[in-house]
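Beneath this line is the structure, given in structure tokens, with notes to follow.
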């Protein structure tokens, strides 16, 4: 008798509907294979690993019980969505994650009907799920709405705004609280402590488990009375739960890696729930892969890696990253000035503030995923006489913009905004692009806005911000490594609102704002070979503008072209306004601007994204030639 090869369970699942035919034992096998497939895929592509590994069993259980895409499964942030993508018809493309033309690293509506709501920022899932639930109630798309949100994301006020509204509306809605005691950094604050205390008390757990078992053994007429007694007992033991006070039926906590617990609970709530229900599951980020479990960040974000050892394959660079340069410059400034403090919103490692925290732990504040609070907290520190640096990614600072306006700018408080991940960021795509901060910061009265052209300039801008006490100041810098310039021993404060000329040329002046200066200088070399050497200047400041420099360039050149790593409405708009008000356009100046196009650019390498945006060296050269009306025969490829 020949032994037939056993087909792996995962090979039998092409869409979630295929899971309906699997037994619970087969679903456990599926989870094991799904975890191995996730590890294998991310080792090839890089990306967010730990979060996905932590929800493998939960992903299997949700798709086995609910009926996506009719039922709307919404993953908060989306870091954990890789196993979901594998089970929803995208396994054949999973090794294209975060690469040009490949799958997004987050959920994305245009990618699959199984991604009903796109997410890459935290704490939006409950609001979206409640919207789906009400749409179904009002005759829109049918089906249940399920939000999966981590305990770190629950620290954001938006999550509680949504829960408060859901409790008021009392409509059927499921919230899965994925409690892994870990967001990107360890979660901070009273909520995290509350959740830990909720499931740490052994006596209560024993009573609850016993009560659960006893209820199921009673005849049906007696079960309702027993359930009421259990609720009373729970109220006496822990004083009720925060979630129940918000109007949710609370179930849990349960083991998020145990399908024998997950499946019955999900099947029960799907069959019986009538109003908003919160299911509290305990998971372990990085579960099932030792290198991730043992890492400080539990394998949150990984470059390509060796599966056997977990060793990451990072490209070597001769230049430090901009984030590291900022972190070291800030630490040096903090050593010289005891009033310098730093604030971040759940990103101490990502912003480099872990370096200062190691040296001055009482002067670095991680407020959790709460950018609004971070900005106003920094404003309070400034009003109290401290010198706060508020280090937030450009894309996340958008979430605190009202506080920048109302709590900082109007009061002219000297908060220093360190805006990391400025410009296009590569594999994280449009959701994380730092495209808008120049426009939304530079339009505020009294705000100083700088952009570093290279890593040495960033050191000087940190010193400039530290020395600036006359209102708010912001400086931006990109993700990735610097260009390898010689570094100063110590930063020197720059004169506010003054740029610099890098090289002198004729006919055309190129005025760069930010790190695209390197591309501009490459373009200048190409133009010089054509006998058209341009003047190149580094603006340094978008606000206040260097009026003297800009007007001199405009009056002494036939054409002026600005370059910036931001959207329309930023630096170029301020320059154009100055030129118009000064009547320079009446003299026949040819003015052009190169900004990010009016579209969201999909994920690719930063180089490819800027090429798509029309902003690499060859495209800058072409823009100059076109502006001057020079024939482009023989243009280099």
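Working only within region 301-326, note down all residues that are more than 30 Å from residue 36 (Cα to Cα) and surrounded by 22 or more Cβ atoms within 10 Å (Cβ to Cβ). Don't jump to the end; show me each part of the working.
Initial filter on region 301-326 (more than 30 Å from residue 36 (Cα to Cα)): 317-326.
Listed by number, the residues that qualify are 322, 323, 325, 326.
Any residue at all in region 429-438 that's more than 30 Å from residue 49 (Cβ to Cβ) and modelled with pLDDT of 95 or more?
Yes, some residue in region 429-438 is more than 30 Å from residue 49 (Cβ to Cβ) and modelled with pLDDT of 95 or more.
Out of (1) on the phi < 0 side of the Ramachandran plot; (2) within 30 Å of the chain's Cα centre (by Cα); (3) buried (at least 24 other Cβ atoms within 10 Å of the Cβ), what's the single condition that is false for residue 509?
Condition (2) is where residue 509 drops out.
Could you run through region 383-405 and say how many residues are in a helix (DSSP H, G or I), out of contact with any helix residue (DSSP H, G or I) (no Cβ under 8 Å at 6 or more places or on another chain) and more than 16 Å from residue 448 (Cα to Cα)?
Residues in region 383-405 being in a helix (DSSP H, G or I), out of contact with any helix residue (DSSP H, G or I) (no Cβ under 8 Å at 6 or more places or on another chain) and more than 16 Å from residue 448 (Cα to Cα): 1 in total.
Which condition from (1) closer than 25 Å to residue 361 by Cβ; (2) assigned to a helix (DSSP H, G or I) is the one that residue 270 breaks?
(1)
Does residue 87 satisfy being over 30 Å from residue 350 (Cα atoms) and either crowded, with 21+ Cβ neighbours inside 10 Å or in contact with a strand residue (DSSP E or B) (Cβ under 6 Å, 6 or more places away or on another chain) (or both)? So that I can check it myself, show each step before the final result.
Values: over 30 Å from residue 350 (Cα atoms): yes; either crowded, with 21+ Cβ neighbours inside 10 Å or in contact with a strand residue (DSSP E or B) (Cβ under 6 Å, 6 or more places away or on another chain) (or both): yes.
Criteria met by residue 87.
Just wondering, is there one or more residues in region 479-492 that are buried (at least 24 other Cβ atoms within 10 Å of the Cβ) and under 26 Å from the mean Cα position of the chain (by Cα)?
yes
Test of understanding: among 240, 288, which residue is over 30 Å from residue 45 (Cα atoms) and either outside any strand (DSSP E or B) or at pLDDT 90 or above (or both)? Give the steps one after another, and end with the answer.
Values: 288 fails: over 30 Å from residue 45 (Cα atoms).
One residue alone meets the criteria, 240.
How many residues does region 341-357 contain that are over 13 Å from residue 374 (Cα atoms), within 13 Å of the chain's Cα centre (by Cα) and crowded, with 24+ Cβ neighbours inside 10 Å?
Start the filter on region 341-357 by keeping residues that are over 13 Å from residue 374 (Cα atoms), which leaves 349-357.
The next check asks that each one be within 13 Å of the chain's Cα centre (by Cα); those that pass are 350-351.
Still in the list and also crowded, with 24+ Cβ neighbours inside 10 Å: 351.
The number of residues fulfilling the criteria is 1.
Being under 19 Å from the mean Cα position of the chain (by Cα), buried (at least 18 other Cβ atoms within 10 Å of the Cβ) and not assigned by TED's automatic domain parsing to the domain that holds residue 555 is true for just one of 422, 452, 409, 465. Which residue is that?
Working: 452 fails: under 19 Å from the mean Cα position of the chain (by Cα); 409 fails: under 19 Å from the mean Cα position of the chain (by Cα); 465 fails: under 19 Å from the mean Cα position of the chain (by Cα).
Step by step, each of 422, 452, 409, 465 is checked, and only 422 is under 19 Å from the mean Cα position of the chain (by Cα), buried (at least 18 other Cβ atoms within 10 Å of the Cβ) and not assigned by TED's automatic domain parsing to the domain that holds residue 555.
Per-residue answers, yes or no, for (1) out of contact with any helix residue (DSSP H, G or I) (no Cβ under 6 Å at 6 or more places or on another chain); (2) surrounded by 22 or more Cβ atoms within 10 Å (Cβ to Cβ); (3) without any contact (Cβ under 8 Å) to a residue 12 or more places away in the chain:
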residue	(1), (2), (3)
79	no, yes, no
95	no, no, no
100	no, no, no
113	yes, no, no
129	yes, yes, no
137	yes, no, no
140	yes, no, yes
146	yes, yes, no
149	no, yes, no
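Find the residue count for region 434-449, including only residues that are in a helix (DSSP H, G or I) and surrounded by fewer than 24 Cβ atoms within 10 Å (Cβ to Cβ). Before the answer, list the steps.
At the first step, the residues of region 434-449 found to be in a helix (DSSP H, G or I) are 437-442.
Adding the requirement that they be surrounded by fewer than 24 Cβ atoms within 10 Å (Cβ to Cβ) leaves 439-440, 442.
Final tally of qualifying residues: 3.
Before we move on, is residue 417 buried (at least 20 other Cβ atoms within 10 Å of the Cβ), assigned to a strand (DSSP E or B) and either assigned by TED's automatic domain parsing to the domain that holds residue 563 or within 23 Å of the chain's Cα centre (by Cα) (or both)?
Against the criterion (buried (at least 20 other Cβ atoms within 10 Å of the Cβ), assigned to a strand (DSSP E or B) and either assigned by TED's automatic domain parsing to the domain that holds residue 563 or within 23 Å of the chain's Cα centre (by Cα) (or both)), residue 417 qualifies.
Taking helices (runs of 4 or more DSSP H) that fall entirely within region 1-118, which contain at least 2 residues that are more than 22 Å from the chain's Cα centre (by Cα)?
On the way: elements: 24-45, 50-54, 56-65, 82-85.
Passing ranges, in order: 24-45, 56-65.
The values are calculated or read from the model by the stated rules, or taken from the named source; none is laboratory data. For clarity, every value in this text was computed on a predicted model and none was experimentally measured. No Cβ is skipped: glycine too gets one built from the backbone with ideal geometry, and neighbour counts run over all protein chains shown.
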